[in-house]
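Below you'll find the structure, written out as structure tokens, and then a few comments.
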Amino acid sequence: MLVVLIILPTVMKQRLLFLGPPGAGKGTQAVRLADSHALLHLSTGDLLRAEVAAGSDLGQEARAVMARGELVSDALVLAIVRRRLSGHQGGWLLDGFPRNLAQAEALDALLGELSQQIELVVLMEVDDAVLIQRLLSRGRADDNEAVIRHRLEVYREQTAPLIEHYRGQGLLQSVEAAGTVEAIAERIRALLS
Ligand code: B4P
């Protein structure tokens, strides 16, 4: 009997969203993955810091909010994301956005308009003690212990509800985000096919 094997090419997921507490390593992993898979890396944190550094009106509005560890206004962040995603044809990786349910719903609406859909949400999970240690050693302007603890509270209150939002859409996969950068990258890569 002749057996014919048909091997279909694996289609990698290429519209991704990284979710997780501050310091989980979203930015660290996003830069690597976007580079190796030619994805547009959209980090709202980086884009806001660039506005602050440039001293734009938007940056002046964002500066104090970020220094307190709170969330910048939804309207401002959404305007940034809309500008970057509109007209972009290839894959993308959203890092640090959305940060609350209002942003998630606005993103759903924007992606509907653009006829694009999220293919995978990666939840990066790691203990608070590890997060605090990582952020203290990074030492960015918003990385002192009081502000870090406040950012963790903001995460729990405003961002963590997105876990159920995306689980309900069947998009969520969790990754243990402790260990070496390479080991975590490998866990994430395994979710893409
Ligand atoms: P973000 O820029 O998103 O930063 P983050 O959550 O603090 O860090 P991330 O998880 O990306 O960790 P990273 O890889 O850098 O937010 C900053 C602020 O911007 C927010 O507080 C808010 O004010 C504002 N903002 C951003 N998006 C917003 C939105 N959508 N709406 C409203 N406001 C918004 O890693 C952290 C450190 O750990 C680094 O030093 C890294 O080198 C290290 N590290 C990473 N992986 C490691 C590993 N495996 N082992 C050891 N160290 C590791």
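Data table
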| read-out | value |
| --- | --- |
| Flag if Ala178 is touching a Lys or Arg at 6+ places or on another chain (Cβ under 7 Å), of a type outside the set (Val, Ile, Thr), within 18 Å of Gly25 (Cα to Cα) and outside any strand (DSSP E or B) | no |
| Scope the stretch 71-80; condition open to solvent by 30 Å² or more (accessible area, probe 1.4 Å), more than 6 Å from the ligand (Cβ to nearest atom) and within 14 Å of Gly96 (Cβ to Cβ); matching residues | Asp74, Leu78 |
| Which numbered condition Asp46 fails, given (1) buried (at least 19 other Cβ atoms within 10 Å of the Cβ); (2) acidic (Asp, Glu); (3) within 10 Å of the ligand (Cβ to nearest atom) | (1) |
| Unmet requirement for Val52, which otherwise passes all of (1) touching a helix residue (DSSP H, G or I) at 6+ places or on another chain (Cβ under 8 Å); (2) aliphatic (A, V, I, L, M); (3) under 29 Å from Gln117 (Cα atoms); (4) not in a loop (DSSP other than H, G, I, E, B) | (3) |
| Every residue from the stretch 96-147 that is within 12 Å of the ligand (Cβ to nearest atom), among the small types (Gly, Ala, Ser) and not in a helix (DSSP H, G or I) | Gly96, Gly139, Ala141 |
| Some residue of the stretch 165-176 being surrounded by fewer than 18 Cβ atoms within 10 Å (Cβ to Cβ), within 12 Å of the ligand (Cβ to nearest atom) and among the charged types (D, E, K, R) | yes |
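The values are calculated or read from the model by the stated rules, or taken from the named source; none is laboratory data. Please read all numbers here as calculations on a predicted model, not as lab measurements. Glycine gets a Cβ as well: all are built from the backbone with ideal geometry, and neighbour counts include every protein chain shown. The accessibility values were calculated without ligands, DNA or RNA, using every heavy atom of the protein model including side chains. Shrake-Rupley method; radii C 1.70, N 1.55, O 1.52, S 1.80 Å.
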